[in-house]
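Asks: Supplied in structure tokens, the structure appears directly below.
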Amino acid sequence: MAEIKYEIVKNDLKAIIESGKYQPGDKLPTESDLMDKYQVSRYTIRRAVGELQNAHYIYRIQGGGMYVDDWQRNKNKPVINNKMIGVVTTHLADYIFPSIISGIDRTISAQGYSMIVSNTHNNRQKEQQSLQQMLDNQVAGLIIEPTQSALPEPNIELYKKIEEAKIPTLFINAHYSQIQAPHLEVDDIVAEEKVVNYLIEQGHQRILGIFQVDDMQGTKRLRGFMNAYMQHPEISYMAQTVMYQSDQDMTKIFQRVSEIMDHKERPTAIVCYNDELAIQIVDVIRAMGLQVPENVSIVGFDDYVLGRFIDPSLSTIAHPKEKMGIDAGNMIMRLINGEKVESIEYTLPIKLRDSVQSLKGE
């Protein structure tokens, strides 16, 4: 198998040091000089140097550069094995993400690995910082949930660097087709189509769909909503949608929903991008003096634990949170071990609770 770039740099530097050109304590060329010499990225140099540090050929002085270690005296010391997995998600401590991260941690810790976790807050600049942090830490593998994945990706060059460095990588919840990495996703289109068809079967013709459209999950759920109405052309004109992006002022979205619900022929059901939004919409409906489900049925997405305990309990589509985390942990281990893996797409069940009422017979 042909050597990848960082291995070429590492082996060349190692050969130069072993040849005696540089003696222990001698200062080595700077990262920038090595980048120019080998025509590679800073990450490639840092990864090569990192492995030589672990093997006791090089040591660093903070702010002072890189130096040749006493490699002959140290060569029998054990080499440090980097057993750190980087996990980058749009959120961290709330919603469905603790279950996903817990599933990953349980799986990789059983294999002697630990995690570096970074939260982008669904912000592109924070995503750039998170990805660069993972590169700088020379993680053994990466699990990434892309930020604002439905929009053009300004950080695609960083993703390309990760790919070029051959860091085992997989995506969760969404992925970029231009990056050759496996993914774990739910079948958003089919799931949303299924729940809208169910509502139509229960007599709901005027349904409002509210979707976040700057990530792939939201755009697919919107497509599933439209697909369901296309199967019922006689009522397709009754469908309504409200679209928003994650950085928008949600008060304007809630105001728009209130305007729609204030009409005489208002929607009799609302499907929401996720449960977090659905819980907020329940409050909007109540503030208008309307009741759920007597005046309007509401369905979320993801089976967020709080949705089970609100009154009325929230109907939803169940996201395989912890299973996705466990599968992601197993998959990244297999990638690190050089095994081939296949992407996973989960089929999701509807969980009907008290927030949905049938209109049959009315």
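Asks: Dividing the convex hull volume of the alpha carbon atoms of the stretch 245-362 by its residue count, what do you get in Å³ per residue? Mind dumping the intermediate values first?
Replies: On the way: hull volume 15.8 nm³, N = 118.
That works out to 134 Å³ per residue.
Asks: If amide H atoms are built 1.01 Å from N in the plane of the peptide, which residues on other chains or at least 5 residues away come under 5 Å of the amide H of K351?
Replies: Distant-sequence amide H within range of K351: T316, I317, A318.
Asks: Just to confirm my numbers, what's the Cα centroid distance between the stretch 267-337 and the stretch 88-132 in Å?
Replies: 21
Asks: Accessible area, 1.4 Å probe, largest first: how do K27, K340, K161, K21 sort? Don't skip to the end; give the middle numbers.
Replies: Details: K27 115, K340 180, K161 85, K21 140 Å².
The residues order as K340, K21, K27, K161, largest area first.
Asks: Can I ask one more? Can you send over the solvent-accessible area of R256, 1.4 Å probe, protein chains only, in Å² to the nearest 10?
Replies: The value for R256 is about 110 Å².
Asks: Right, something else. Classify the stretch 188-288 from the C-alpha gyration tensor, please: rounded if a/c falls under 1.5, else prolate or oblate depending on whether a/b exceeds b/c.
Replies: On the way: a/c = 1.86, a/b = 1.17, b/c = 1.60.
It comes out oblate by the Cα gyration axes.
Asks: Additional query: For K10, which lysines qualify as cross-link partners when the Cα separation must be under 19 Å and same-chain residues fewer than eight apart are set aside?
Replies: K21, K27, K37, K75, K77, K161, K166
Asks: So what's the angle, to the nearest 10 degrees on a 0 to 90 scale, between helix 275-287 and the longest Cα principal axis of the chain?
Replies: 30
Asks: Over the stretch 11-138, what is the relative contact order in percent, taking alpha-carbon pairs closer than 8 angstrom and at least six residues apart?
Replies: On the way: 137 pairs, mean separation 27.4, N = 128.
Relative contact order comes out at 21 percent.
Asks: Ok, one more. With a 1.4 Å probe and all protein chains kept in place, how much accessible area does H319 have, in Å² rounded to the nearest 10?
Replies: 10
Asks: Lysine pairs, Cα distance under 26 Å, 8 or more residues apart or cross-chain: how many in the stretch 302-362? If you can, show how the numbers build up before the last one.
Replies: Details: K321/K340; K321/K351; K323/K340; K323/K351; K351/K360.
Close lysine pairs under the 26 Å cut-off: 5.
Asks: Note the listed values [x] 34; [y] 47; [z] 50, then indicate which one is percent of Cα pairs over 29 Å apart calculated from this particular structure.
Replies: [z]
Asks: Right, next: Keeping every protein chain in place, order M238, M226, M333 by accessible area at 1.4 Å, biggest value first, i.e. largest first. Write down the numbers at each step before the final one.
Replies: Numbers: M238 40, M226 80, M333 15 Å².
Descending accessible area places them as M226, M238, M333.
Asks: Using helices alone, what [θ] at 222 nm do you get for the chain, with -39,500 (n - 2.57) per DSSP H run of 4 or more residues, divided over all residues and rounded to the nearest 500?
Replies: Numbers: 12 runs with 144 residues, N = 362.
The helix contribution divided over the chain gives -12500 deg cm²/dmol.
Asks: Full-extension gain between S32 and Q125, please, as 0.36 nm times their residue separation minus the C-alpha to C-alpha distance. Intermediate results must be reported in sequence, preceding the final value.
Replies: Working: separation 93, 0.36 × 93 = 33.48 nm, distance 2.44 nm.
In short, 31.0 nm is gained.
Asks: Within the stretch 184-289, list the GluC sites (Glu not before Pro) lying in a DSSP loop whose Cβ has at most 12 other Cβ atoms in a 10 Å radius.
Replies: Here the sparse-neighbourhood loop sites are E234, E265.
Asks: Cut-off under 16 Å on the C-alpha distance; same-chain residues fewer than 8 positions from K220 excluded. Which lysines are left, in chain and number order?
Replies: Cα-Cα hits under 16 Å: K194.
Asks: Please report the base-10 log of the normalised intensity I(q)/I(0) for the stretch 10-147, using a Debye sum with one equal scatterer per alpha carbon and no solvent, at each q in 0.11 (1/Å).
Replies: -0.53
Asks: For the stretch 257-266, what does the Karplus curve 6.51 cos²θ - 1.76 cosθ + 1.60, with θ = phi - 60°, yield as ³J(HN,Hα) per residue in whole Hz, taken in order and with x for Gly and Pro?
Replies: With the stated coefficients, the stretch 257-266 comes to 4, 4, 4, 5, 6, 7, 6, 4, 9, 6 Hz.
Asks: How long are the semi-axes of the equivalent ellipsoid of the stretch 184-227, taking √(5λ) for every eigenvalue λ of the Cα gyration tensor, in whole Å from largest down? Let's see the in-between values first.
Replies: On the way: eigenvalues 79, 28, 7 Å².
They are 20, 12, 6 Å, listed from largest to smallest.
The values are calculated or read from the model by the stated rules, or taken from the named source; none is laboratory data. This structure is a prediction, so every number in the text was calculated from the model and none was measured. Note that we place each Cβ from the backbone using ideal geometry, even for glycine, and neighbour counts take in every protein chain shown. Just the protein is used for accessible areas: all its heavy atoms, side chains included, with ligands, DNA and RNA removed. Shrake-Rupley method; radii C 1.70, N 1.55, O 1.52, S 1.80 Å.
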